[in-house]
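Student: Dropping a structure here in structure tokens format, bear with me for questions.
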Amino acid sequence: MRWLVILVACGALAQTFEQTPKDIKQGETLKVTASTNVQSARMNGITIRLFAQDGGGWLGLMPVPVLTKPGDYSLAYLDEKDAVVHSTIIHVADARYLKQNITIAPAIASLAPSPGEQQTVGNFRKEVSETRYWKEPLTPPVPGCLTSPFGAMRLQNGKPTGDFHAGVDQRGAAGTPIHPITAGVVKLVKKYNLRGGTVAIDHGQGMESIYLHMSAFAAKEGQKVTPEDVIGYIGSTGRSTGPHVHWTLYVHGEAVNPGQWMSLQNCPAAKAAPVKRKASTAKGM
Ligand SMILES: [Zn+2]
């Protein structure tokens, strides 16, 4: 009986709080874990929920927005009354994202969103659902290389726009099948003026993804999908001038770098002629 008491006491003392990776950069995702029930975590004004995991412990995904100033930030673990149960300092490093000049043809630049397009996608980004469908490793939706990487600060005619590329553009022939990056539930299947053929997926517990410019769909709203499924096909619909898939990984509504979760290679041509390539995409897409 005495041993049992000692074991229980040790268990209480061994309450652990961890964050990975140790070297986090702008635009990345911090995995925040706790061995005991912790309601949420807050850093730099962003509060996220932690969820009980099947394998034990609690996990939350803390996005570090691209525009976060490099430096030290306090990460606080909070109980259900918002009281701090643990805190630690997280150093956010400069990701040194590229700067890219973009030229957009007037006919493409003047496209207006469909009625409700911005609102509907905005609402999708705000959703956080209980069930975890995502699992690692996440996998690229198509095999093609990147014609535009994540996080590139956009300049127009040499002037900063304050915008960055909130996703990646992957090359692929028109009609190439697009797969979800991990399992989830399809939330949106829509044809939009700006985004073109769009499929948005909720992967659960704060992770979501969206795929744009599709020529055709192969998924329905409400459908559960896995990476083996096809959700649509590469096209050039919406604000796009050539076949590619623009896709974004969202963590609690923030666009984060998918390169942290999977291997994505830049196209050699993108480096040789970055300005020219930008003609096929537009800000935020
Ligand atoms: Zn894009």
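The values are calculated or read from the model by the stated rules, or taken from the named source; none is laboratory data. Note that this is a predicted model, so its numbers are computed, not measured. Cβ atoms come from the backbone with ideal geometry, glycine included; neighbour counts cover every protein chain shown. Accessible surface is based on the protein model in full, side chains and every heavy atom, while ligands, DNA and RNA are left aside. Shrake-Rupley method; radii C 1.70, N 1.55, O 1.52, S 1.80 Å.
Student: Taking Cα centroids, how far is the stretch 125-144 from the stretch 40-65 in Å?
Tutor: With the stretch 125-144 and the stretch 40-65 each reduced to a Cα centre, they are spaced 16 Å.
Student: Taking Cα pairs under 8 Å and at least six residues apart, what relative contact order does the chain come out at, in percent?
Tutor: Relative CO of the chain lands at 18 percent.
Student: Quick one: which residues, 5+ away or cross-chain, put their amide H under 5 Å from the amide H of residue 102? H built at 1.01 Å from N.
Tutor: 155, 156, 157, 158
Student: Calculate for the chain the 222 nm mean residue ellipticity that helices alone would give, adding -39,500 (n - 2.57) per DSSP H run of length 4 or more and normalising by residue count, nearest 500 deg cm²/dmol.
Tutor: Value at 222 nm, helices only, nearest 500: -3000 deg cm²/dmol.
Student: Given +1 on the Cβ of Lys and Arg, -1 on the Cβ of Asp and Glu, and no further charges, what dipole in debye does the chain carry about its Cα centre, rounded to the nearest 20? Don't jump to the answer; show the numbers that get you there.
Tutor: Numbers: 29 positive and 21 negative charges, 196 e Å.
Dipole size: approximately 940 debye.
Student: What does the convex hull of the alpha-carbon atoms of the stretch 145-186 project to on average, in nm²? Before the final figure, lay out the partial values.
Tutor: Details: hull surface 18.8 nm².
For the stretch 145-186, the mean projected area of the Cα convex hull comes to 4.7 nm².
Student: As a test question: what accessible area, to the nearest 10 Å², does residue 230 have when a 1.4 Å probe is rolled over all protein chains in place?
Tutor: 40 Å²
Student: Still on this structure, I have one more. Ranked from the most accessible area to the least, with a 1.4 Å probe and all protein chains present, what is the order of 267, 145?
Tutor: The ordering from most to least exposed comes out as 145, 267.
Student: Counting DSSP beta bridges in the chain, what percent are antiparallel, to the nearest 5?
Tutor: 90 percent
Student: Another question, then. For residue 187, enumerate residues with amide H under 5 Å from its amide H, sequence gap 5+ or separate chain, H modeled in the peptide plane.
Tutor: 200, 201, 202, 222
Student: Could you work out how far helix 117-126 tilts from the main Cα principal axis of the chain, as a 0 to 90 degree angle to the nearest 10?
Tutor: 20 degrees
Student: If you don't mind, another one. Cα convex hull of the stretch 69-206: how many Å³ per residue?
Tutor: Cα convex hull per residue, to the nearest whole number: 181 Å³.
Student: Still on this model: Quick one: net charge around residue 112, please, counting Lys, Arg +1 and Asp, Glu -1 for every other residue with C-beta under 13 Å from its C-beta.
Tutor: +1
Student: How big is the Rg/Rh ratio for the chain, C-alpha atoms only, Rh by Kirkwood, two decimals?
Tutor: With Rg and the Kirkwood Rh in hand, the quotient comes to 1.02.
Student: Also: Starting at the first residue of the stretch 205-221, write each ³J(HN,Hα) from the Karplus equation 6.51 cos²θ - 1.76 cosθ + 1.60 with θ = phi - 60°, in whole Hz, x for Gly and Pro.
Tutor: Computed from phi, the couplings for the stretch 205-221 are 6, x, 9, 9, 8, 9, 10, 10, 6, 5, 7, 7, 9, 9, 9, 10, 4 Hz.
Student: For the stretch 99-280, compute the number of Lys pairs whose alpha carbons are separated by less than 23 Å, excluding pairs fewer than 8 positions apart on the same chain.
Tutor: Lysine pair count for the stretch 99-280: 23.
Student: Accessible area of residue 99, 1.4 Å probe, to the nearest 10 Å²?
Tutor: 150 Å²
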